[in-house]
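Undergrad: The structure follows.
The values are calculated or read from the model by the stated rules, or taken from the named source; none is laboratory data. Given the structure is predicted, the values throughout are model-derived calculations rather than measurements. Ligands, DNA and RNA are excluded from the accessible area calculation, which covers all protein heavy atoms including side chains. Shrake-Rupley method; radii C 1.70, N 1.55, O 1.52, S 1.80 Å.
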Amino acid sequence: MEHHFQIMVADATHYGFAQLICDEMASSAQARGTGIARRSPDYIVEKMREGKAVIAFDSQGFWAGFCYVESWSHGQYVANSGLIVAPPFRKYGLARLIKQRIFGLSRELYPQAKIFGLTTGLAVMKINSELGYEPVTYSELTQDEAFWKGCQSCINYPILMSKERKNCLCTAMLFEPAAQSVEAPPDAEPEPMCLTAEIL
């Protein structure tokens, strides 16, 4: 069955989906046994209010996916976080479409920023690679304490700390605008990763 999706920058009309988004993030992470930094519905609403989130719906108007932008170190680093696709719409390439859209939004809002992600998912790694990300060591990511504090609710946090934040189960990936000329893909309109992990 073919699905058609509408992916847009979230706004005030989407606040009512915040709890659903948070619940799906939590249940997906639990089902996969992977870590995900928890975020509250209020935090999701804040990202929508700031114009730093994209939301997806199917042709019937059912919520299908979500992702948001976070900035760290005074805008020098940006993360595309909390990627989630609702179970009925997985395996249709929606995660790739959402990632393209949020990547384009990130480049528009923070054109000079390094965009990074931490993920345990192979599919997300492949999508990131297509967008121009490259695997890096944790030392190349933001050292902003606020970012790493977000890892505290992840089940793998003890591992991260035992490694002195030098590595963990997530793979770190980074897009550097100064080193690459890669822009958002043509089909990713500029308007429309764990908090610290990205989930499908």
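Undergrad: Summarise the accessible area of region 1-114 (1.4 Å probe, protein heavy atoms) by the percent that is carbon and sulfur.
TA: 50
Undergrad: Using a Cα distance threshold of under 19 Å, what count of lysine pairs results for region 47-146 when pairs must be 8 or more residues apart or interchain? All intermediate terms of the calculation are to be shown ahead of the outcome.
TA: Numbers: LYS47/LYS99; LYS52/LYS99; LYS52/LYS114; LYS91/LYS99; LYS91/LYS126; LYS99/LYS114; LYS99/LYS126; LYS114/LYS126.
Pairs that pass both the separation and distance tests number 8.
Undergrad: If you don't mind, another one. Suppose a student asked you for the relative contact order of region 1-154, using Cα pairs under 8 Å spaced at least 6 residues apart; what percent would you report?
TA: Dividing the mean separation by the residue count of region 1-154 yields 24 percent.
Undergrad: Can you put VAL9, VAL85 in order of accessible area, largest first, using a 1.4 Å probe?
TA: Details: VAL9 30, VAL85 5 Å².
Per-residue accessible area, sorted high to low, gives VAL9, VAL85.
Undergrad: Give the distance, in whole Å, between the Cα centre of region 76-125 and the Cα centre of region 148-176.
TA: About 18 Å separates the Cα centre of region 76-125 from the one of region 148-176.
Undergrad: A follow-up question, please. Compute the length gained on full extension between LEU122 and GLU164: take 0.36 nm times their separation in residues and subtract their Cα-Cα distance, giving the result in nm to one decimal. Please list the in-between numbers first.
TA: Details: separation 42, 0.36 × 42 = 15.12 nm, distance 2.45 nm.
Additional length available on full extension: 12.7 nm.
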